């Protein structure tokens, strides 16, 4: 093992000398990609094996990642990378299949709903086809099934069902011996994602109680209420898992706190980033400099470079007029406005020029 | 320099920004496809050159291998490295084509290049005393710089600079002229020298040690071929770069002229301080589109393959504002560069007399 490690290190060193990059194995990617996109080394490629239509605005991608992918636990997410009109876009989605499918058949699934105005989700629905290859990151997240078995309550809304599908599949496969209840809120009956799969799970996994609630089918919206919780046997002993729109998660948290639930018994995960408010030109916001462990607020049209300098940082920079790109820096989250063009950035991870970027709301930087 | 009022400069800025915005709005798959095609071509040429080289005991193969590797280095340095490091493809969000992390196949480190070229040269273009690329502190190319006796032999310096161009560029940030005048100390330059040694060592190891040893029985042939390939790249890149700012009509500026200048004035300086040369599609590609130096200096972070497309619009803006658009054939532009080097190796008065004689 040690010998192999040393050998690997020596090869890495040699690769850096020969190819002038820290990931020398990716040097020939542009050629390999042409021959077989599954040979690409820079990221883990995953081929789209099948596209399944769940509802009118949701589809499931069945993916076959390259074997070097490290696998995942039920409830985790991955970043995927797709190229839309020449630009690489990264987005996070929950894995909706069970880890068993990966171990046995080398497949994973992502269940993706169209977001109104969403660049990537709409592109996936409109353009991504069977046979295409996308990039897949390693799985992450701690929205995990309790071990050893404890009673569980899932409160889920809309496409928040995706990580829970993976968890239920896993629980059923290992015959998880504790009561499991799913409260699944959907707009209308037509919006139920993975209906067949849920029915099948309910039929073969006796510990599971399934309750699908349509919120928008009657005159009055039918949201989560106290009675829903009253109806759950042994509620106090349950671990609660929340995944869905912010409104549902806030409401559920309130009701649970009132019943004396502690934070340690409530597990939640967000399933979509808040969209940038493009029409509203209010500038400024909290800027988080992650590597420097510093957070400062800004108002008005101060640029990220000015904000950083005012906070005592000295980021690398040059012309301060958007020419030289000395100050380009990785933005991990948040929206910025380009001072030169007035254009708003996307909310995700990308590079920005500090000297011409003005925050619009909270922004995090790798600086 | 042509005198323009602030109102005229503001109009010039608006006109040029409009060209820039139009390209920015149109960036997309076509540009990504173009640069990836260039990267694929580079990888193929580099692999091809290296594989052919050991068979260089056959003279035609030797020539083919050396030229192939030389062209690979030219393509990587000029059309890929230089342009990627300007941030022309940052919008693609591809870590392999990102300005802050790209490291190119030459002695100069990416970091040093980004400081001396992207920042100093592109911000202070042709300002004597601030743009250290103007003559590279080795050549006297304007009468604004006082003549010294050693300038008489500067044509030899020019030849040496061209032959060892990658080492000259690599050491540019050492600022030897400031070390000589004791403006800065060697101690301050220690971190730079360490970086220079690391990258220079890496380049020399690859071309002059590793690949020759890998093909031991024919090591001298591989070594000679690699030296040849580097020489081809050095001579070509030096020539292209000299044609960009040192032609007859390329203007220079003083620090006073440019103090607190507007963006419009910066644009004017880029337009009048740079020069193009004409040629076929592949001449432009192999020059990294620095044959469109004017367009490059006005819009350094637009993908370079767009320069030919916007050249007509830039010329129209120049005509509208009465600004000279400096272009000509490669031979014509280069001959004025050589004349400029020769002319300024003599003091102003002597050169004027020689000119009239």
- Message: What are the pairs with Cβ atoms under 7 angstrom where one residue, in the range B:201-224, is within 13 Å of chain A (Cβ to nearest Cβ) and in contact (Cβ under 8 Å) with a residue 24 or more places away in the chain and the other, located anywhere, is assigned to a helix (DSSP H, G or I) and crowded, with 17+ Cβ neighbours inside 10 Å? Sequence gap at least six, or different chains.
- Response: B:211/B:50; B:211/B:222; B:211/B:226
- Does the range B:68-77 contain any residue that is within 11 Å of chain A (Cβ to nearest Cβ), part of a helix (DSSP H, G or I) and more than 19 Å from the chain's Cα centre (by Cα)? no
- Message: Could you check the range B:35-52 and list, in sequence order, the residues that are farther than 22 Å from residue B:289 by Cβ and within 14 Å of another protein chain (Cβ to nearest Cβ)?
- Response: B:47, B:48, B:49, B:50, B:51
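Does residue B:131 count as within 14 Å of chain A (Cβ to nearest Cβ) and within 30 Å of residue B:298 (Cβ to Cβ)?
Answer is yes for this residue.
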- Message: I need the strands (runs of 3 or more DSSP E) fully contained in the range A:288-367, keeping only those with at least 3 residues that are over 26 Å from the mean Cα position of the chain (by Cα).
- Response: A:294-299
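Out of all the residues in the range B:317-335, which are touching a helix residue (DSSP H, G or I) at 6+ places or on another chain (Cβ under 9 Å) and assigned to a helix (DSSP H, G or I)? Reasoning before the result, please.
If we filter the range B:317-335 for residues that are touching a helix residue (DSSP H, G or I) at 6+ places or on another chain (Cβ under 9 Å), which is where we start, we get B:317-318, B:320-321, B:323-328, B:330, B:333-334.
Scanning the range B:317-335 gives B:317, B:318, B:320, B:321, B:330, B:333, B:334.
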- Task: Can you work out which of the residues in the range A:89-127 that are touching a helix residue (DSSP H, G or I) at 6+ places or on another chain (Cβ under 6 Å) and within 13 Å of another protein chain (Cβ to nearest Cβ) is nearest to residue B:35 (Cα to Cα)?
- Result: A:89
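When you look at residue A:187, is it surrounded by fewer than 20 Cβ atoms within 10 Å (Cβ to Cβ) and either farther than 23 Å from residue A:72 by Cα or in contact with a strand residue (DSSP E or B) (Cβ under 7 Å, 6 or more places away or on another chain) (or both), yes or no?
Working: surrounded by fewer than 20 Cβ atoms within 10 Å (Cβ to Cβ): yes; either farther than 23 Å from residue A:72 by Cα or in contact with a strand residue (DSSP E or B) (Cβ under 7 Å, 6 or more places away or on another chain) (or both): yes.
Spelling it out, residue A:187 is indeed surrounded by fewer than 20 Cβ atoms within 10 Å (Cβ to Cβ) and either farther than 23 Å from residue A:72 by Cα or in contact with a strand residue (DSSP E or B) (Cβ under 7 Å, 6 or more places away or on another chain) (or both).
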- From B:138, B:61, B:163, which residue is surrounded by fewer than 21 Cβ atoms within 10 Å (Cβ to Cβ), over 14 Å from the mean Cα position of the chain (by Cα), more than 13 Å from chain A (Cβ to nearest Cβ) and touching a residue at least 60 places away in the same chain (Cβ under 8 Å)? B:163
- Item | Lone qualifier among A:195, A:189 - being modelled with pLDDT under 95 and over 25 Å from the mean Cα position of the chain (by Cα) | A:189
- Task: For the range A:3-31, name all the residues that are away from every other protein chain (no Cβ under 13 Å) and under 25 Å from residue A:139 (Cβ atoms).
- Result: A:5, A:8, A:12
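Take residue B:40 and tell me if it is at pLDDT 95 or above and closer than 30 Å to residue B:320 by Cβ. Break it down stepwise before answering.
Details: at pLDDT 95 or above: yes; closer than 30 Å to residue B:320 by Cβ: no.
When the stated conditions are applied, residue B:40 does not pass them.
Which one of these is more than 30 Å from residue A:115 (Cα to Cα) and touching a residue at least 24 places away in the same chain (Cβ under 8 Å): A:238, A:187?
A:238
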- Message: Could you tell me how many of the residues in the range A:32-46 are surrounded by fewer than 18 Cβ atoms within 10 Å (Cβ to Cβ), touching a residue at least 12 places away in the same chain (Cβ under 8 Å) and more than 14 Å from chain B (Cβ to nearest Cβ)?
- Response: 1
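Can you pull out every residue in the range B:259-274 that is surrounded by 13 or more Cβ atoms within 10 Å (Cβ to Cβ) and either away from chain A (no Cβ under 13 Å) or outside any helix (DSSP H, G or I) (or both)? Can you show your working first?
Taking the range B:259-274 as the starting set, the residues that turn out to be surrounded by 13 or more Cβ atoms within 10 Å (Cβ to Cβ) are B:261-274.
Within the range B:259-274, B:261, B:262, B:268, B:271, B:272, B:273, B:274 meet the criteria.
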- When the range B:83-108 is checked residue by residue, the ones that are facing chain A (nearest Cβ under 7 Å) and out of contact with any helix residue (DSSP H, G or I) (no Cβ under 7 Å at 6 or more places or on another chain) are B:87, B:90, B:91, B:93, B:94, B:100
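Every residue in the range A:202-216 that is in contact with a helix residue (DSSP H, G or I) (Cβ under 7 Å, 6 or more places away or on another chain) and closer than 20 Å to residue A:155 by Cβ, please. Can you show your working first?
Initial filter on the range A:202-216 (in contact with a helix residue (DSSP H, G or I) (Cβ under 7 Å, 6 or more places away or on another chain)): A:204-205, A:208, A:210, A:214.
Scanning the range A:202-216 gives A:205, A:208, A:210, A:214.
The values are calculated or read from the model by the stated rules, or taken from the named source; none is laboratory data. Worth saying up front: this structure is predicted, and the values here are computed from it rather than measured. In this analysis, Cβ positions are derived from the backbone assuming ideal geometry, glycine residues included, and neighbour counts consider all displayed protein chains.
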